[in-house]
Amino acid sequence: MKLHADVGDRKLRAVLKEFQGPIYQRPPLRSAVKRVVRVRRIYKIDLLEREGRYVLLRIWCEAGTYIRKLCHDIGEVLGVGAHMYELRRIRAGSLSERVNASTLQDIIDSYVLWKEHGIEDYIRKVILPMEIAIEHVPKVVIRDSAVDAICHGAPLAVPGILHVETGIKVNDIVAILTQKGELVAIGKARMRSEEMVSSRKGIAVKTMQVFMSPGTYPSLWKRKQ
Amino acid sequence: MRKREILIRAEEETDPRYGKPPSERSIEELLETGVINLDKPVGPSSHEVTAWIKKILPVKKIAHAGTLEPSTRGVGLS
């Protein structure tokens, strides 16, 4: 962030602290989403370094927070104005810059090593199983016999469930997985975790997006003749 | 991240004839369904970089999630 005038350390720290917690943001004019005011949570702001008007921050925030806007607003509250100077996303869910990030050069190199020399190790570090992207999403593990119906878009009924992670509330996004750990689909919970375990029947999850190809598991549900 | 526990509703064996653990997927399968956590260079848009990767890798479909100006984000291949 670059400040437009000089600000003391104490004042800067005090204002940064004010921005932790829920904040209101209207998406900027040029944005991909509808421009209505929405609430985003700022979990934490660390002041890592500063050199005059240049300030290096580490921000833990909710998905969909506009950091450019946040910097602008911090500038407004400071009374001097500020803008975002540079931005780097260091983590999103289980994708982080330290653990599993690849550069464009890594992609080319690993692809050539695999294609021309049959070496798999490098490309396996670049192209990750899609399940890595849903590591932070609560999971429901289902029976083999329930998989193919979900692949055809059917909702998940309670009898098909084996395991459920705790903490799921109605309307939460959940991931439906096989016992082998394969992502079948993403859906919206229709019950809480406890109900998914205690109910005898009913729809537990409404399927939203299917990731597994139909036919991967056998279809065992009753077909109309 | 919050620690979640697992509630057991029922136990059952999975049939090894169908499906396979994600770690056992072939490179060809990963090219169809995998994701890349891309350290995007500063300058080009997420959209442009996605198009470049489509030229590098033999993939039919590609998309990106989490648009940012000069930063990191994941690219999905599907």
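Structure above, values below:
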read-out	value
Hey, A:Arg88 within 18 Å of the chain's Cα centre (by Cα) and under 23 Å from B:Lys40 (Cβ atoms) or not	yes
Flag if B:Lys60 is more than 9 Å from chain A (Cβ to nearest Cβ) and either open to solvent by less than 50 Å² (accessible area, probe 1.4 Å) or within 27 Å of A:Gly215 (Cα to Cα) (or both)	yes
Leading residue by the ranking (surrounded by the most Cβ atoms within 10 Å (Cβ to Cβ)) among those in region A:190-216 that are within 20 Å of the chain's Cα centre (by Cα) and without any contact (Cβ under 8 Å) to a residue 60 or more places away in the chain	A:Thr207
Qualifying residue in region A:165-184 (condition: assigned to a helix (DSSP H, G or I), touching a Gly at 6+ places or on another chain (Cβ under 9 Å), at pLDDT 95 or above and among the hydrophobic types (A, V, I, L, M, F, W, C))	no
Counted residues, region B:23-39 - those being crowded, with 18+ Cβ neighbours inside 10 Å and more than 8 Å from chain A (Cβ to nearest Cβ)	0
Some residue of region A:176-184 being open to solvent by 40 Å² or more (accessible area, probe 1.4 Å) and within 12 Å of another protein chain (Cβ to nearest Cβ)	yes
Selection status of A:Ile123, in a helix (DSSP H, G or I), out of contact with any strand residue (DSSP E or B) (no Cβ under 8 Å at 6 or more places or on another chain), aliphatic (A, V, I, L, M) and buried (at least 16 other Cβ atoms within 10 Å of the Cβ)	yes
Residue among A:Arg88, A:Arg30 that is loosely packed, with under 11 Cβ neighbours inside 10 Å, without any contact (Cβ under 8 Å) to a residue 12 or more places away in the chain and under 20 Å from B:Val42 (Cα atoms)	A:Arg30
Identity of the residue in region A:91-105, part of a loop (DSSP other than H, G, I, E, B) and exposed (fewer than 14 other Cβ atoms within 10 Å of the Cβ), that ends up farthest from the other protein chains (Cβ to nearest Cβ)	A:Arg98
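Conditions tested, residue by residue: (1) surrounded by 12 or more Cβ atoms within 10 Å (Cβ to Cβ); (2) part of a strand (DSSP E or B).
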| site | (1), (2) |
| --- | --- |
| A:Ala5 | no, no |
| A:Lys11 | yes, no |
| A:Lys34 | no, no |
| A:Arg41 | yes, yes |
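Matching residues to (1) closer than 30 Å to A:Thr65 by Cβ; (2) without any contact (Cβ under 8 Å) to a residue 24 or more places away in the chain:
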{"residue": "B:Tyr18", "(1), (2)": "no, yes"}
{"residue": "B:Arg25", "(1), (2)": "no, yes"}
{"residue": "B:Glu29", "(1), (2)": "no, yes"}
{"residue": "B:Lys40", "(1), (2)": "yes, no"}
{"residue": "B:Ser46", "(1), (2)": "yes, no"}
{"residue": "B:Val59", "(1), (2)": "no, no"}
{"residue": "B:Gly66", "(1), (2)": "yes, yes"}
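The values are calculated or read from the model by the stated rules, or taken from the named source; none is laboratory data. Small disclaimer: the values here were computed from a predicted structure and weren't measured. We place every Cβ from the backbone using ideal geometry, glycine too, and count neighbours over all the protein chains shown. Note: accessible area is taken over every heavy atom of the protein model, side chains too, but ligands, DNA and RNA are not part of it. Shrake-Rupley method; radii C 1.70, N 1.55, O 1.52, S 1.80 Å.
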